[in-house]
Amino acid sequence: MHRTVLFGAPGVGKGTQAKLLTAALGIPHISTGDLLRVEVRSGTVLGLEAKAAMDRGQLVPDAVVIAMVETMLRRHDNGSSGFVLDGFPRTVAQAEALDEMLGRLGQRLDAVVALEAPESELIARIARRGQIEGRTDDEDVAVVRARLGQYAEKTRPVRDYYEGKGLLRVLNGTGEIDEIQQQIRTTLQTAATEHNLSA
Ligand code: B4P
């Protein structure tokens, strides 16, 4: 069973690694960024509200993303062998809500893998993606700086939350994508073994 959170700053490689991991393990990839972009493209009321926040580099309100994640967890609560959460939780309130949701489903997290990279690398990666994919929140340097500011202020405390629960595993997010992927899988194997030993 792999119930994993991939955690880290904007541009650190959460989305990149989550796609590889979920394809290899055959489990759902739940990305709040991707879910919000679908709402934006569909022009829903939720999408319009989300777009206003995303275009300014702000976080979307907790209640909106918590409801989206709960829907996805319930949809995949069919005895499948876990999930990877990418971009959620991004606030301590979201982390607490996740614990409650999983508790209601009789589940708990197995590991939180935090990827780290220097800020200069994050800014360079996001700028590259902005040129390639034309994501509006990647194109404007002021918006990228706002996202990094939100991470430092609101998201980084989530790391302490999980460290306190003994779930946090910190990995270097710089280097070859495949090597980082291998390290994530090794880390999850180790976490699963420790988990079984302590159960
Ligand atoms: P996200 O879609 O989650 O965007 P992100 O944090 O910038 O990271 P992402 O996963 O896309 O990038 P990755 O690191 O994979 O969020 C977008 C916005 O949605 C947020 O700003 C917020 O407004 C809103 N939102 C989402 N979740 C929310 C929540 N829970 N609460 C409130 N609001 C929420 O990769 C970046 C680039 O680096 C890629 O182009 C990749 O190719 C490249 N890359 C990856 N690994 C690399 C490596 N090892 N070497 C070189 N390049 C690499």
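Got a sec to turn the phi values of the range 59-65 into Karplus ³J(HN,Hα) couplings, 6.51 cos²θ - 1.76 cosθ + 1.60 with θ = phi - 60°, whole Hz, x for Gly and Pro?
Once rounded to whole Hz, the list reads 7, 6, x, 3, 4, 5, 6.
Please build a GNM for the chain, connecting alpha carbons under 10 Å apart, and tell me which residue among Thr155, Thr136, Thr91 fluctuates the most.
Looking only at Thr155, Thr136, Thr91, the biggest GNM fluctuation is shown by Thr136.
For a quick check: with amide H placed at 1.01 Å from N, whose amide H comes under 5 Å from Gly173's, ignoring anything fewer than 5 positions away on the same chain?
HN-HN under 5 Å from Gly173: Glu116, Ala117.
For Ala111, enumerate residues with amide H under 5 Å from its amide H, sequence gap 5+ or separate chain, H modeled in the peptide plane.
Hits under the 5 Å cutoff: Arg3, Val5.
GNM on the chain, C-alpha springs below 10 Å: top fluctuator among Ile132, Ile27, Ile123?
Among Ile132, Ile27, Ile123, the largest mean-square fluctuation in the Gaussian network model of the chain belongs to Ile132.
What whole-number value in cubic angstrom gives the convex hull volume per residue for the C-alpha atoms of the range 1-102?
102
I need the Kirkwood Rh of the range 98-199: take the reciprocal of the average 1/r across all distinct C-alpha pairs and report it in angstrom.
This gives a value of 16.0 Å.
What do you get for Rg/Rh of the range 54-130 when both radii come from the Cα atoms and Rh is the Kirkwood radius?
1.03
Find the Cα radius of gyration of the chain, compare it with 2.2 N^0.38 Å by division, and give the number to two decimals.
Details: Rg = 16.2 Å, N = 199, 2.2 N^0.38 = 16.4 Å.
Normalised Rg, Cα atoms only: 0.99.
Angle between the Cα long axis of helix 92-104 and the longest principal axis of the chain, 0 to 90 degrees, nearest 10?
Orientation of helix 92-104: about 40 degrees from the principal axis.
What angle, in degrees between 0 and 90 and rounded to the nearest 10, separates the Cα long axis of helix 14-25 from the longest principal axis of the Cα atoms of the chain?
For 14-25 against the chain, the angle is about 40 degrees.
How far is helix 45-55 tilted, in degrees, relative to the longest principal axis of the Cα atoms in the chain, given as a value from 0 to 90 rounded to the nearest 10?
On a 0 to 90 degree scale, this one is about 80.
Considering only Gly164, Gly87, Gly47, give the residue with the highest GNM mean-square fluctuation for the chain, with springs between Cα atoms whenever their separation is below 10 Å.
Gly164
Throughout, read-outs are computed from the coordinates displayed, never taken from laboratory work. Everything numeric here is computed off the predicted structure, so don't read it as measured data.
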